[in-house]
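A short write-up of the structure that comes next.
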Amino acid sequence: MTLWFVSAAIIGDMHRESAISPAAQAALSSAVQGGFVIGALLSAVSGVADRFQPRYVFAVCVAFAAACNMLLLIAPIGGLFAIVLRALTGAFLAGVYPVGMKIAVGWGQRDRGFLVGLLVGGLTLGSAAPHLLAWQGGAQWRLTVVVTSVLAVSSALLVLMTRNGPFHVTAARFNAGTIKMAWTNKRVRKAYIGYLGHMWELYAMWAWIGLALAVSFAHQMAETEASQLAKLVAFSVVAAGAFSCALAGWVADRIGKAELAIIAMAVSGTCAILFAMSFGGSVTVTIVVSLIWGISIIPDSAQYSALVADYAPADAVGSLLTFQTALGFALTTITVQAAPVVANKLGWPLLMAMLAIGPVVGIFAMIGLRKSAESGKSVERA
């Protein structure tokens with residue numbers, strides 16, 4: 001997943017080498033989301049994640065994604081070819097993230113929150129890595145492209161060394177009705193809604209936190225210094241969530257997945273408001289708020305996937321998880337593309353505050369899921 005935010009991490013250095021319009025800058029990031037949606041929809045409706053060996057699907061897709069990433073070295077900076085390559089990278093990553101979840105949930109039932117939490121923690125650390133590589137490489141953005149591609153290929157080799165867990169189930173045939181359960185299964189539906197609220201906030205924050213921090217820090221220091229500090233802080237903010245994911249998963253298996261999601265969204269939504277209030281002020285305060293936001297914004301992600309795995313038939317989990325991510329990333333295509341436009345019109349503080357809308361929606365969905373689950377238990381006892 002180091003491939004995801006490559007363009008977001010190096011966009012400043014690319015722009016200094018060759019001017020890129022604001023629309024093209026946004027497109028380089030949102031194209032990944034759009035490509036992922038298309039890839040995930042194709043995977044979901046065809047049942048690829050449930051019908052074929054997930055380890056092979058994972059390895060092949062990540063290898064192709066890495067190849068598309070490497071082609072950025074020869075593509076005109078910020079041009080149409082580069083945007084298409086980012087879209088193709090996202091499409092191939094649709095065979096990585098949800099398929100990885102399919103592999104993870106096959107290894108347990110009672111500890112699924114922890115297992116998926118570990119996987120999402122890896123996704124988070126991978127998503128943060130380009131910011132660290134960009135900070136280390138300075139203006140040498142091509143080095144970041146090469147290293148992220150190498151890391152991705154290494155993951156393809158690693159996943160081929162694993163095996164399926166005891167709870168892995170393969171669908172005997174394609175069943176178009178599987179996707180209908182996203183709406184007809186009440187608990188799965190609420191898990192989807194919670195996930196959409198979460199995604200409204202997550203990727204807009206991850207994609208643009210580096211630029212927002214640079215603008216904020218520039219009120220207190222030189223622009224060059226602010227840009228370098230923002231790269232390091234952006235890595236720390238995103239990476240911090242990697243360590244909270246596994247712990248949150250362990251806690252969720254004990255207090256409840258919906259309960260953990262509610263707590264995480266309450267904290268992250270509050271941080272969105274606090275970030276807006278601290279913007280342009282004390283650098284230390286902004287960094288602290290950002291780090292807490294990074295820690296709290298991602299742990300609930302795994303729980304929506306685990307909830308879908310809990311409430312869906314075992315042979316439909318892969319397709320429903322893929323469809324869930326397709327819908328979530330379709331939403332992020334809009335939020336990631338719109339974020340810099342809104343920031344340009346209304347300012348970064350108001351944009352970041354608006355991200356709190358997602359956690360509010362998610363909290364209400366999880367409260368509804370809790371009531372539905374409690375009602376179901378009552379019926380079973382009766």
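With respect to the numbered conditions (1) touching a Leu at 6+ places or on another chain (Cβ under 8 Å); (2) crowded, with 21+ Cβ neighbours inside 10 Å; (3) touching a residue at least 40 places away in the same chain (Cβ under 8 Å), which one is the sole condition not fulfilled by GLY108?
Going through (1) touching a Leu at 6+ places or on another chain (Cβ under 8 Å); (2) crowded, with 21+ Cβ neighbours inside 10 Å; (3) touching a residue at least 40 places away in the same chain (Cβ under 8 Å) one by one, GLY108 breaks only (2).
Taking only region 311-341 into account, find how many residues are outside any helix (DSSP H, G or I) and modelled with pLDDT under 85.
Selection size over region 311-341: 1.
Among the residues of region 47-55, are any assigned to a helix (DSSP H, G or I), within 25 Å of MET161 (Cα to Cα) and among the hydrophobic types (A, V, I, L, M, F, W, C)?
Within region 47-55, one or more residues are assigned to a helix (DSSP H, G or I), within 25 Å of MET161 (Cα to Cα) and among the hydrophobic types (A, V, I, L, M, F, W, C).
Residue under question is GLY35, and the condition is that it be modelled with pLDDT of 90 or more and either closer than 29 Å to ASP13 by Cα or of a type outside the set (Asp, Glu) (or both); does it hold?
For GLY35, the condition - modelled with pLDDT of 90 or more and either closer than 29 Å to ASP13 by Cα or of a type outside the set (Asp, Glu) (or both) - is met.
So ALA365 passes all but one of these: (1) assigned to a helix (DSSP H, G or I); (2) more than 30 Å from PRO54 (Cβ to Cβ); (3) over 15 Å from the mean Cα position of the chain (by Cα). Which condition number does it fail?
(2)
From (1) without any contact (Cβ under 8 Å) to a residue 24 or more places away in the chain; (2) in contact with a Lys or Arg (Cβ under 6 Å, 6 or more places away or on another chain); (3) of a type in the set (Val, Ile, Thr), pick out the condition that doesn't hold for ILE74.
(2)
Report every pair of residues separated by at least 6 positions or lying on different chains whose Cβ atoms are under 6 Å apart, first residue within region 210-235 and in a helix (DSSP H, G or I), second of a type in the set (Ser, Thr, Tyr).
Final answer for the pair search is ALA214/SER227; SER216/THR286.
Which of the residues that make up region 24-61 are at negative phi and touching a Phe, Trp or Tyr at 6+ places or on another chain (Cβ under 7 Å)?
VAL32, GLN33, PHE36, VAL37, GLY39, ALA40, ALA44, SER46, ARG51, CYS61
Right, PHE275: aromatic (Phe, Trp, Tyr), modelled with pLDDT under 90, in a helix (DSSP H, G or I) and out of contact with any strand residue (DSSP E or B) (no Cβ under 9 Å at 6 or more places or on another chain) or not?
Judged against the criteria, PHE275 is not a match.
At pLDDT below 85 and within 13 Å of VAL336 (Cα to Cα), is that true of SER30?
Yes, satisfied.
Just need a number here: residues in region 278-293 that are over 18 Å from TRP208 (Cβ atoms) and not in a helix (DSSP H, G or I).
Qualifying residue count for the region: 2.
Could you tell me whether any residue of region 71-92 is within 24 Å of SER236 (Cβ to Cβ), part of a helix (DSSP H, G or I) and under 19 Å from the mean Cα position of the chain (by Cα)?
No.
Answer yes if at least one residue in region 199-210 is surrounded by 22 or more Cβ atoms within 10 Å (Cβ to Cβ), small (Gly, Ala, Ser) and within 14 Å of SER305 (Cβ to Cβ), and no otherwise.
Taking every residue of region 199-210 in turn, none turns out to be surrounded by 22 or more Cβ atoms within 10 Å (Cβ to Cβ), small (Gly, Ala, Ser) and within 14 Å of SER305 (Cβ to Cβ).
Output the residue which, of all residues in region 124-144 that are surrounded by 23 or more Cβ atoms within 10 Å (Cβ to Cβ) and out of contact with any Ser or Thr (no Cβ under 7 Å at 6 or more places or on another chain), is nearest to ILE297 (Cα to Cα).
Ranking the qualifying residues of region 124-144, first place goes to THR124.
Check off (1) within 22 Å of VAL48 (Cβ to Cβ); (2) not in a helix (DSSP H, G or I) for ARG110 and give me the number that stays unchecked.
The single condition ARG110 does not satisfy is (1).
Residue by residue through region 212-230, note down the ones that are out of contact with any Gly (no Cβ under 8 Å at 6 or more places or on another chain) and surrounded by 21 or more Cβ atoms within 10 Å (Cβ to Cβ).
Those that are out of contact with any Gly (no Cβ under 8 Å at 6 or more places or on another chain) and surrounded by 21 or more Cβ atoms within 10 Å (Cβ to Cβ): ALA212, LEU213, PHE217.
The values are calculated or read from the model by the stated rules, or taken from the named source; none is laboratory data. All of these numbers come straight from a predicted model, not from anything done at the bench. With ideal geometry, Cβ positions are generated from the backbone for all residues, glycine too; neighbour counts draw on all protein chains shown.
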